[in-house]
Amino acid sequence: MRWNDWKAAQLDKVETSLAALNAVPQKLAGRVDLGSIAVGCALWYLDLRFADWGWRERHPHVADWYATYGQRPEMKATWSLD
């Protein structure tokens, strides 16, 4: 079951997390570890399920990191639908 209040609460948690990452972009810079993989996968999922949510406009540092990180061969291979 899903309801609007539950969805809003979940997206608020995502928004808070993205704001925290956006405030300290150096935390993600140059990292390839479990944490960066988790963030990359979460952002991919946001794009998949909430494409119109517009997180990139509100969190440009995270968006810049993701644009580069998502081009890593292993990330592209993971997300490929081929």
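The values are calculated or read from the model by the stated rules, or taken from the named source; none is laboratory data. Everything numeric in this text was worked out from a predicted model, so none of it was measured. Don't worry about glycine lacking a Cβ; one is built from the backbone with ideal geometry, like all the others, and counts go over all protein chains shown.
Of note:
- Qualifying residue in region 45-66 (condition: more than 14 Å from the chain's Cα centre (by Cα) and in a helix (DSSP H, G or I)): no
- Matching option when the condition is at pLDDT 90 or above, surrounded by fewer than 14 Cβ atoms within 10 Å (Cβ to Cβ) and of a type in the set (V, I, T), among V39, V24: V24
- Restricting attention to region 43-60, the residues that are farther than 18 Å from A77 by Cβ and either in contact with a helix residue (DSSP H, G or I) (Cβ under 9 Å, 6 or more places away or on another chain) or in contact (Cβ under 8 Å) with a residue 40 or more places away in the chain (or both) total 9.
- Every pair of residues 6+ apart whose Cβ atoms lie under 9 Å, when the first sits in region 6-30 and is of a type in the set (S, T, N, Q) while the second is not in a loop (DSSP other than H, G, I, E, B): S17/V39; S17/A42; N22/R58; N22/P60; N22/H61; N22/V62; N22/A63
- Criterion: assigned to a loop (DSSP other than H, G, I, E, B), of a type in the set (D, E, K, R) and farther than 23 Å from K76 by Cα - qualifying residue of R2, R31: R2
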